[in-house]
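Student: For reference, the structure I am asking about is given below.
The values are calculated or read from the model by the stated rules, or taken from the named source; none is laboratory data. Everything numeric in this text was worked out from a predicted model, so none of it was measured. Here the Cβ positions follow ideal geometry from the backbone for every residue, glycine too, while neighbour counts run over all protein chains shown. These area figures cover heavy atoms from the full protein model, side chains too; ligands, DNA and RNA do not enter into them. Shrake-Rupley method; radii C 1.70, N 1.55, O 1.52, S 1.80 Å.
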Amino acid sequence: MPEESIEHIDFDKLNKKAISKPLVKNIYTADPSAHVFNGKIYIYPSHDVDAGEAFDDLGSHFAMEDYHVISMDTVDSEAVDNGLALHVNDVPWAEKQMWAPDAHEKNGKYYLFFPAKAYDGIFRIGVAVSNSPTGPFTAQPKPIKNSFSIDPAVFKDDDGQYYMYFGGLWGGQLQRWRTGEFNAKQPDSPTAFIPKDDEPALLPFVAKMTDDLLEFDEKPKEIQILDENGNLLLAGDNDRRFFEAAWLHKHNGKYYFSYSTGDTHFICYAIGESPYGPFTYGGRILNPVVGWTSHHSVCKVEDKWYLFYHDSSLSKGVTHLRSIKVAEITHNEDGSIQTLDPYSN
Ligand code: FUB
């Protein structure tokens, strides 16, 4: 929901119409990456704080410093904040902006994947390891080699192979990597180096992970998102093109790549036959929420699918103070996903 309309929102009325409530209220949380490990739900969100940074289109106001893991026995049970899992001060290479993380499990160890700005001002993606899904996590001394931009999401395929999906525009710096090198020109512009409206949109990336989940096993590859005619979505197709918040889930043998359209505030999905794509645009999973950003994960709990997402309703519309939520989603017989309206109760 665009923020210019926030002062006109009756939040009591809106919250009554909301399809779900904030999962935790003791802290602000966002960008929820949910997984089921050993029969329990673990959510890896950003931990939103007000650090006093002014709002800008580079996302400087998202000045998060640490991560907390949220756990739940079932989607209806109380969500528990498990306290500090990792702080930026304990990540040797990272200076600031601990943005949307994800996590995964392998052989009894838990891996937290997170983006942060390094001391040179460039976003990189790091890994931290723990023996427990709730941490505390110990960070690797350096970020993943050849990592860049933001919003890592790690998918484990049925053959046991793990893949990382990532990328984000504007403050997420994806547009600065078009030549393969970081373009540091016009540092204050979020939109410099974005393609023209009639050019193909910028694409997110995927890379297979090494067996120890600490590095990329290959050079990251672009993920193609195509329209119904097999053409790449265009940069001017703001309602459908990728902006940030990559996620991958698999349903009935098909790969679903979902993402946020950023400035148009939709969570959309595209369907493919391989973890590398190409993916063909399928539609919207979630209509705009209160707040500028929309970011989600899709997770199967027992035999039902759920969308974990966030909005800024608890903070009455403050863009960088968000709260994670969960709602059930439905895949239709033809593979499409029914669109959720977050305030339709
Ligand atoms: O939470 C900081 C950034 O906002 C995330 O990395 C983006 O996906 C957006 O939700």
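Student: Counting only residues 5 or more places away or on other chains, whose amide H sits under 5 Å from the amide H of F123 once H atoms are built in the peptide plane?
Tutor: Answer set, sorted by chain and number: A118, S149.
Student: So for segment 222-345, Kirkwood radius off the Cα pairs, Stokes-Einstein at 4 °C and 1.567 mPa s: how many µm² s⁻¹?
Tutor: 88 µm²/s
Student: How large is the accessible surface per residue of segment 258-339, computed with a 1.4 Å probe and reported in Å² as a whole number? Before the final figure, lay out each step's value.
Tutor: Values: 2600 Å² over 82 residues.
Heavy-atom SASA per residue in segment 258-339 reads 32 Å².
Student: Can you tell me the order of 302-311, 335-344 when each peptide is scored by its average per-residue count of other Cβ atoms within 10 angstrom, highest first?
Tutor: 302-311, 335-344
Student: Still on this model: What is the extension gain from F55 to D263, computed as 0.36 nm multiplied by their sequence separation minus the C-alpha to C-alpha distance, in nm to one decimal? Don't skip to the end; give the middle numbers.
Tutor: On the way: separation 208, 0.36 × 208 = 74.88 nm, distance 1.48 nm.
Additional length available on full extension: 73.4 nm.
Student: Quick check: residue separation of K21 and E222 times 0.36 nm, minus the Cα distance between them. What number comes out in nm?
Tutor: 68.8 nm
Student: Under a point spin-label approximation (7 Å from Cα along Cα-to-Cβ), what is the S132-T74 distance to one decimal in nm?
Tutor: 2.5 nm
Student: So, one more: What's the carbon and sulfur percent of segment 62-182's accessible surface, probe 1.4 angstrom, rounded to a whole number?
Tutor: Exposed carbon and sulfur together represent 45 percent of the surface.
Student: How much of the DSSP bridge set in the chain is antiparallel, in percent, rounded to the nearest 5?
Tutor: If I count the DSSP bridges inside the chain, around 95 percent turn out antiparallel.
Student: Using modelled backbone amide H atoms (1.01 Å from N, in-plane), which distant-in-sequence or interchain residues come within less than 5 Å of V301's amide H?
Tutor: Y306
Student: Binning at 20 angstrom from zero up to the longest distance, how are the C-alpha pair distances of the chain distributed in percent?
Tutor: 33, 62, 4
Student: Within 10 Å of each candidate Cβ there may be at most 15 other Cβ atoms; applying that plus a DSSP loop requirement, which trypsin sites (Lys or Arg not before Pro) in segment 129-205 survive?
Tutor: Of the trypsin sites (Lys or Arg not before Pro), the ones in loops of segment 129-205 whose Cβ has at most 15 other Cβ atoms within 10 Å are K145, R178, K185, K196.
Student: Now a separate question. If the cut-off is 30 Å between C-alpha atoms, which lysines fall inside it for K250, apart from same-chain ones fewer than 8 positions away?
Tutor: Leaving aside lysines fewer than 8 places away in the same chain, those within reach of K250 are K21, K40, K106, K109, K145, K156, K208, K219, K221, K300, K304, K325.
Student: Would you please name the GluC sites (Glu not before Pro) within segment 222-259 that are DSSP coil residues with at most 12 other C-beta atoms within 10 Å of their C-beta?
Tutor: Sites meeting the loop and neighbour criteria: E228.
Student: What FRET efficiency comes out for the pair D120/T191, r = Cβ-Cβ distance, R0 = 22 Å, nearest 0.05?
Tutor: 0.55
Student: With a Förster radius of 35 Å, plug the Cβ-Cβ distance of W93 and W305 into 1/(1 + (r/R0)^6) and report the FRET value to the nearest 0.05.
Tutor: 0.45
Student: With +1 assigned to the C-beta of every Lys and Arg and -1 to the C-beta of every Asp and Glu, and no other charges, what is the dipole magnitude of segment 82-228 about the Cα centre in debye, to the nearest 20?
Tutor: In total the dipole reaches around 600 debye.
Student: Calculate, in nm to one decimal, what D211 and N146 gain on full extension: separation in residues at 0.36 nm each, minus their alpha carbon distance.
Tutor: Gain in length upon complete extension: 21.7 nm.
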